[in-house]
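Here the structure comes first, spelled out in structure tokens, and everything after it is commentary.
No lab work stands behind these numbers, since they all come straight from the coordinates. No experiment lies behind these values; they were computed from the predicted model shown. Note that we place each Cβ from the backbone using ideal geometry, even for glycine, and neighbour counts take in every protein chain shown.
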Ligand code: UDP
């Protein structure tokens with residue numbers, strides 16, 4: 001049981017999450033904030049309850065992945081909004097998987113809007129604000145020393161596995177997994193482990209019947225009911241039973 005006194009120094013503050021040290025050297029607490037940004041940080045807001053929604057969705061999806069043999073940083077949701085996690089040395093790659101052509105892909109390449117991508121596309125961007133997250137290829141990634149070829153091959157194969165597991169799980173919840181972004185890190189033994197979050201901030205979820213947006217695109221498009229959408233998708237993915245279980249831990 002983690003007590004408030006176990007929270008130590010702030011290690012890192014990102015655009016929507018903070019990472020705190022704990023008493024254990026190899027564990028951290030990730031807290032999900034209500035800040036929301038889009039367009040390279042140009043559009044900003046604070047949506048009350050968003051952090052809680054994202055922590056619940058990420059915890060649920062990390063648990064689904066763990067139960068299917070994918071290593072993740074997740075240890076436990078110690079309270080809504082705060083996830084106890086393995087400490088990782090993060091690799092500065094944004095690993096994007098796409099099942100349907102939309103978003104920036106349409107701006108850069110002549111894909112047809114909503115074209116099915118089979119096999120799925122995996123794209124890697126360099127997580128670097130100064131350079132505006134440019135798209136990489138394997139050779140550039142290796143030359144920059146961001147990862148080895150073996151590590152890239154492993155990251156791609158884990159990402160394809162994650163896509164299969166999550167697409168199937170979300171389909172059962174009437175959600176189409178259009179695309180998503182992952183971040184990986186290395187644990188103390190050098191294993192590649194999934195980190196960061198899997199939430200409506202980092203995925204495109206569409207209603208399987210109406211193809212309506214159930215994610216951060218609602219914010220990018222300037223809709224006035226963004227928080228209602230986050231709460232709706234949270235209730236579709238996370239069961240009452242999960243919330244009871246986390247609250248009783
Ligand atoms: N994405 C993300 N962070 C980024 C860029 C993209 O989480 O910095 C996610 C985004 O939410 C979407 C997928 O990655 O689910 C593909 O995004 P895309 O390249 O289409 O960029 P966008 O249209 O969001 O600018």
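Observations, loosely collected:
- Within the chain, helix-based [θ] at 222 nm, where runs of 4 or more DSSP H residues each add -39,500 (n - 2.57), nearest 500: -9500 deg cm²/dmol
- Per-selection Rg to Rh, the chain - Cα, Kirkwood hydrodynamic radius: 0.94
- Approximating the spin labels as points 7 Å out from Cα along Cα→Cβ, the residue 231-to-residue 249 distance works out to 2.5 nm.
- Three principal axis extents of the stretch 168-249 based on alpha-carbon atoms, in descending order, are 44, 31, 25 Å.
- Selected from 23, 217, 196 as most flexible by GNM, with the chain as the system and alpha-carbon contacts under 10 Å: 23
- Value of Rg to Rh for the stretch 122-224, rounded to two decimals, is 1.02; Kirkwood radius and Rg both from alpha-carbon coordinates.
- Label-to-label distance, nm, for residues given as residue 133 and residue 63 (7 Å Cα→Cβ offset): 2.8
- Extension gain, residue 154 back to residue 117 (0.36 nm per residue minus Cα-Cα distance, nm): 11.2 nm
- Cβ-Cβ FRET estimate between residue 47 and residue 106, R0 fixed at 25 Å, reported to 0.05: 0.40
- Residues in the stretch 17-34 that a label on residue 9 would reach, taking backbone N under 19 Å of a point 7 Å out along Cα→Cβ: 18-31
- Centroid-to-centroid separation of the stretch 164-180 and the stretch 36-69 [C-alpha atoms, Å]: 16
- Cβ-Cβ distance of residue 168 and residue 223, R₀ of 22 Å, FRET efficiency by 1/(1 + (r/R0)^6): the value works out to about 0.15.
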